[in-house]
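Contents: one structure, followed by commentary.
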Amino acid sequence: MSVENIKKIGVIGAGQMGRGIAHVCALAGFDVQLMDANPDALKTARVNIKSYMDRQVEKGKIEQAAVDAALARIQTGTQMSDFSDADLVIEAATENEEVKKAILKELCPVLKPSAIIASNTSSISITRLAAKTDRPGQFVGMHFMNPVPAMELVEMIRGIATDEVTFKAVSDLALKMNKTPVPAEDFPAFIVNRMLMPMINEAVYTLYEGVGTVAAIDNAMRMGAHHPMGPLQLADFIGLDTCLAVMNVLHEGLADSKYRPCPLLVKYVEAGWLGKKTGKGFYDYSGDEPIPTR
């Protein structure tokens, strides 16, 4: 299948990443089927997508007519069967290998033979996920950055069985979305998270060992390294559960102690303090301004 044959795109998962992917697909002119088992998540996704597009209009990045057309292209539903006529389905569920494998097992029987599957996984082996499908040649990694509408990069990961025609079609699709596809080999956490997550983990160790407070660590990296966002604030934005999941993939996949997740990161996740999405992580988001929790 070439990119010209891709007309309808399915997206599994209406969380932050899934709704961002649906957003850019619809703006690029594709029909979108956004699926989530939770109807409330779909309602929230629609509101958030419209709100983000409205901000893009205010900033002069897109026209109102483009927003109206894009929103009309997005359909939502709770059933896998809605993907029966999809040309490509992008899985954007939680960063848990068993969850993703279960989704793929349910997805494959409803797809037409020519359909491509892409996973937005940020760390899990594309080869392993593809092996759980009936079409490993038509399976590829398509890792978007967060927030999807604003970030230019898409990591393209080829599994050992991925056909070249599939890889090219999905890379060309990224270009149609005004993204820059960068090829990455199928090693744990690929390129961006292979470097980013150990930095975040080291920031948590720096906090854990009392070298600096949350505010001191984030201010040091903002003003000392010109990072637009401090590493602990960034961790909250990504989700501490996602950060921990990626560190576990790195630690288990590469068997190197330098990737050992910081015990404090584990504790925050155990407490349910997952960052901005739960209202508390390294910062407390319950007030007008985020307040450091340590």
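Read the figures in this text as sums done on the coordinates, not as results from a lab. Since the model is a prediction, treat every value here as computed from it, not as a measurement. Methodologically, a virtual Cβ is constructed for each residue, glycine included, from the backbone with ideal geometry; neighbour enumeration extends over all protein chains shown.
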Two pseudo-spin positions, 7 Å from Cα along C-beta at K132 and at Q64, lie apart in nanometres by 4.6
Using r as the Cβ-Cβ distance of T293 and V47, and R0 as 35 Å, what FRET efficiency do you calculate, to the nearest 0.05? 0.80
Can you give me the three principal axis dimensions of the chain from its C-alpha atoms, in Å, biggest first? 55, 46, 32
For K168, the lysines lying under 18 Å Cα to Cα, once residues fewer than eight places off in the same chain are dropped, come out as K7, K8, K176, K179
Using the per-residue mean of other Cβ atoms lying within 10 Å as a proxy for protection, in what order, highest first, do the peptides 167-180, 26-39, 7-20 fall? 7-20, 26-39, 167-180
Would you kindly state the longest site-free stretch of the chain, with sites defined as GluC sites (Glu not before Pro) in a DSSP loop (not H, G, I, E, B) surrounded by at most 14 other Cβ atoms within 10 Å? 64-151
Sequence ranges 136-146, 218-228, ranked by mean other-Cβ count within 10 angstrom, highest first: 136-146, 218-228
Report the full-extension gain for the segment F237 to I160: residue separation times 0.36 nm, less the Cα-Cα distance, to one decimal in nm. 24.5 nm
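With a cap of 16 neighbouring Cβ atoms within 10 Å, and only residues DSSP puts in a loop, list the trypsin sites (Lys or Arg not before Pro) found in the stretch 70-135.
On the way: sites: R73, K100, K101, K105, R128, K132; in loops: K132.
Here the sparse-neighbourhood loop sites are K132.
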